[in-house]
Amino acid sequence: FAPWDDPQAQPLIRFQGVSKAFGTFTAIENLTLDIYPREFFALLGPSGCGKTTMMRMLAGFETPTAGSIFLDGRDIGHVPPHLRPVNMMFQSYALFPHLSVWDNIAFGLKRDGMAKPAMAARVEEMLRLTRLEKFARRKPDQISGGQRQRVALARALARAPKLLLLDEPLAALDKKLRHETQFELMDIQEKTGTTFVIVTHDQEEAMTVASRIAVMDHGQLIQVATPAGIYETPNSVYVADFIGDVNIIQGSATAVPGGYDIAHAEGLPPIRAVHEGSLTPGQRVFYALRPEKIYVSAEPDPSRPNQQRGRIIDIAYVGNTSTYHVRLSNGQMVKAQMTNAKRLSRRDFGWEEEVWLSWTDTAGLILER
Ligand code: ATP
């Protein structure tokens, strides 16, 4: 499933050069993006980057100031919200407190004037899909938070929208329930085949549920890729830093056989790296290295590449992994993470202990911005 790699695939949603200004403030700037049918697409970015504005334009609550939004090839820029095959599930769920679960789910169908038998069949189907059969007669205040969340989902899907917008849908749930619900959302999304667009602050959540993630900043798309693409080949320090933990070492690149040396990295021995594409000799670059790519050992080993000496300043033990905060010879701090099950030496390292860090030539990425 990778329609974005298929030049023949038709997007469900196309943003074409879309801008949105509020007075003199530009919230979205000349943004172009395709979202394909059956995608679970995540919009990710810091507060104020324009995620909600994107959702509101899809829902029809906001109109672009420039550019066009297409749904199934039709310009929907001026189609009012209720005439779009789009539904939105809000963070607060916005359930009707005086209506039963059944009536909450039936609400939109009733308003559409659906015949009673068809409506009952549809509501039952939604109850089964979200495993709420037993709670049909209860009111929202007589069920748990997780169940309320599923009612909101069932109601949002009842009218079979082509596109479902989810605005921080799991923000109110505690961590464990949130985790379970993520898998449930993925399962329901797959069963219904509805395209989902989710806004979330939680990068782990986006990584878990999404087919692709758009990382935004100041009304612009910085990178759109699969979770693995975003994590393993971020296109900038901004994205590398936004998703997961990363060490950034600044330096300048010098071409050497088979790759580049990152030298002048503030007094460190050169770091060997490979890089697709070419760099100008002496070009200032950022070397991005994930903590889990670093190997920590007590002794130097000349057979290992990219050896750096350092001293352990802090250790965060979290059961399955330990993260070592290591000060390198030039004073720069880096984080190195080792899984405890696979740690070769049986003893742990200690505070203030001198250690050797090493990593392969392909472990890190050279970023130009
Ligand atoms: P958050 O994660 O905090 O919800 P967001 O990424 O969803 O943030 P938006 O709500 O899309 O951000 O807002 C983007 C920018 O546009 C913000 O700077 C916001 O203040 C501004 N903005 C949004 N709506 C309006 C409006 N109706 N009038 C003026 N400015 C607005």
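Bear in mind these aren't lab numbers, they're just calculated from the coordinates by the rules spelled out. Worth saying up front: this structure is predicted, and the values here are computed from it rather than measured. As a convention, Cβ positions derive from the backbone with ideal geometry for all residues, glycine included, and neighbour counts pool all protein chains shown.
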With N residues in the chain, Rg(alpha-carbon) / (2.2 N^0.38 Å) equals 1.20
In a Gaussian network model of the chain with springs linking alpha carbons closer than 10 Å, the residue among Ile76, Ile35, Ile313 that fluctuates most is Ile313
A correct Stokes-Einstein calculation for the range 1-154, using the alpha-carbon Kirkwood radius, 37 °C and 0.692 mPa s, returns a whole-number D in µm² s⁻¹ of 184 µm²/s
Reduced to Cα centres, the span from the range 95-126 to the range 310-334 in Å works out to 56 Å
Taking max minus min of the Cα coordinates of the range 216-369 on each principal axis, largest first, gives extents in Å of 45, 33, 24
Which residues qualify? For Glu39, with a placed amide H closer than 5 Å and at least 5 residues away or on another chain, they are Phe196
Residues meeting the amide H criterion for Leu12 (H placed from the backbone, H to H distance under 5 Å, 5 or more places apart or on another chain) are Ile35, Tyr36
Cβ density ranking, 10 Å radius, fewest first, applied to Met216, Met89, Met186 yields Met186, Met89, Met216
Partner aspartates and glutamates whose C-alpha sits under 18 Å from that of Lys110, ignoring same-chain residues fewer than 8 away, are Glu124, Glu125
If the chain between Glu276 and Arg84 were fully extended at 0.36 nm per residue, the gain over the current Cα-Cα distance would be 64.8 nm
Going fewest to most other Cβ atoms within 10 Å around each Cβ, Tyr324, Tyr317, Tyr36 line up as Tyr317, Tyr36, Tyr324
Ranked from fewest to most other Cβ atoms within 10 Å of their own Cβ, Thr200, Thr53 fall in the order Thr53, Thr200
Applying the span-like rule to the chain (DSSP H, Cα extent along axis at least 15 Å, Kyte-Doolittle mean at least -1.0) gives 101-111, 116-129, 145-158
